[in-house]
1. Among the DSSP beta bridges whose two residues both lie in the chain, what percent are antiparallel, rounded to the nearest 5?
2. With no solvent and one point per C-alpha, what does the Debye sum give as log10 I(q)/I(0) for the chain at q = 0.05, 0.10, 0.12 Å⁻¹?
3. Work out, step by step, the length gained on full extension between ASP475 and ASN328: first 0.36 nm times the residue separation, then minus their alpha carbon distance; give nm to one decimal.
4. For ALA588, project a label point 7 Å along Cα to C-beta. Then give me every residue of the range 546-569 with its amide nitrogen under 17 Å of that point.
5. Please report, in Å, the Rg and the Dmax of the range 6-142, where both are computed over Cα atoms only.
6. Can you spot the lysines whose alpha carbon is less than 21 Å from LYS385's alpha carbon? Ignore those fewer than 8 places along the same chain.
7. Below 12 Å, Cα to Cα, which aspartates and glutamates can LYS516 reach? Residues fewer than 8 away in the same chain don't count.
8. If you take every residue apart from GLN177 with its C-beta less than 15 Å away from the C-beta of GLN177, what net charge results, scoring Lys and Arg +1 and Asp and Glu -1?
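Nothing in this text is a laboratory measurement; each read-out follows from the coordinates by a stated rule. Source: prediction; values computed, not measured. Every residue, glycine as well, gets a Cβ built from its backbone with ideal geometry; the counts of neighbours run over all protein chains shown.
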Amino acid sequence: MANTQSIAVLPFVNMSNDIDNDYFCDGITEEIINALTKINQLKVIARTSSFAFKGKDIDIRSIGKQLGVNTILEGSIKKSQERVRITAQLIDIEDGSHYWSKRFDRELTDIFELEDEISLAIADEVRNNFGHFEIQDHLIDQPTNNVDAYQLYLKGRSFQLKWTPESLGQAISYYNQAIALDKNYARAYYANLQCYGLSAMWGYMPYEEAMESAIGNLLMAKELDTSLPEYPLSYVGRFFWQEWDFKNAYVHINKVLAINPDHIDGLEAMAELFMALGHFDKALIYANRLIEVDPLSSNNHYTLAHIYYYQGQYDKALETVEYALTLNPELELAHHLKCFCLIWLNKRQQFDEFIHNTPLIAEKNLLFDLINDKPIEVQEPIIKKWSEQGYNETLLVPYDLFILSNSGRIESGFSRLKEMIDQRRGQIINYRQEPFLQPLHKVKGFTDLHGSNLSLSDITSPRTDDGKPIANILDDGQIEILKKELLSYFNEEEPFLNPQLSLKMVADVLGLNTNKMSFLINQAFNANFNDFVNSYRLKHFKTIALDPKNSHLTILGLAYDSGFNSKSVFNTYFKKIEGVTPRAWMKANP
């Protein structure tokens, strides 16, 4: 069931003559997604899942159900020289109706004001249609004064998100060009930092060279802006993956989530941290939240499957990782995890079919046989191959360690584990939870290996809701007084007859801001703004529709005279309240 205050922003369609402007459209879409995530109580689907539908002709209602939202934003962008036109519309997935649409024409130099205006308008309309939540005065700040630098940043972002060695290099090039135009562009430095950091960790660049560049960009970025989630996130990678300093990692992950409670990298890092600590109940909370806000991310389902795997729920882990592979068949870590599940479940035939024509077949078969009670001697040639320089550095998963630990060479397995821990190798950060390493728990010295500096007393309760609870911004006495004023205004002045009536217009009359006005209607009438106003319009329609002097008017004409400004909104609301169509109601009330 969809969250009542939830939205997915589909990629804006490029209507420009230049197909290369796709990067601009995708970038604007992502900016609006990020802006909306700043609103507490509003569930916003993350980029990965929203972009899964790019270029696909799928019914909006089906998309909404897949993503678990009740509202879809879709639109188009036309960029021509120094002007930009953005058209956006909100769709209720319950019936597929467009309940809001607007066209924005601006100079390109006003792009940040435009992004902010669109984001605020979207938030207002979702609130008007589905219930109260508070909205900040601004959702997007201006990150640079140079529009050309911003466009170069968006180009860099489009390449970065391909996550290949070549594309990360291209992204760095564009980010550097953006920085050349604006030396104070903090987000470009942070983006460079991430690209260099990933290139170092994944071996796309010489480690020392990449880390030196990453640190240089961090030093510049932190001098410019420490309010962005990228700032504490940059320390998470260092403390967690490089140093295994779990306490400092936890502190900085919390800083990321304090800035954006649904930050994908922050949620994933917290799930991974609790996995490493063996706190699976807490890890599941963050993993499930990941899937709620980014349900079509293969990586998120892999993370969830990993938790089930460490819990020994191999059937559940297998089912989950198989779904991850349907979303992204190229996710190598998910491939290995599926192998491991099939090994522990002793599914030989399925295992053989799955590993056919894949790398490391010898290691995979050897591990399967060792776990499933086949006394096999690990031969010297394969051990010699493992010791060859560079062999283990390229493996995402340490098959050699797992095989040694489950054979007659357990001491060699322990030595290998100790060596990898000393090197802080990310592949074995969860070594205490790894089922393949259970035999090593009995080896003297195992308990003296790396110990966590994060204790249970340092850990606060994970968040389990969609955001902070709604504060009572009006007390009961104020609500009662304002309720009477609002009813008097609607009954005497009939502002609902104005088809352009907005929450702000009503709020101004009562001397409130829009957040308090929305809260008042929600609390006093248990309704959202649109339903509150449309209830008056419907009552007025029924009154004038039954008046013989209006018999010459059409149903739609009567609806417009009652303040409705859309045929679909009128028909949908009428049927929701009356249970029949307007035409059927008219026939039943001649």
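1. The answer is about 75 percent antiparallel.
2. Values, matching the q order: -0.29, -0.97, -1.25.
3. 47.9 nm
4. Residues 546 fall inside that zone.
5. Cα radius of gyration and Dmax of the range 6-142 are 14.1, 41 Å respectively.
6. LYS364, LYS418
7. Here the aspartates and glutamates satisfying the reach criterion relative to LYS516 are GLU134, ASP475, ASP508.
8. Surrounding charge for GLN177 is +2.
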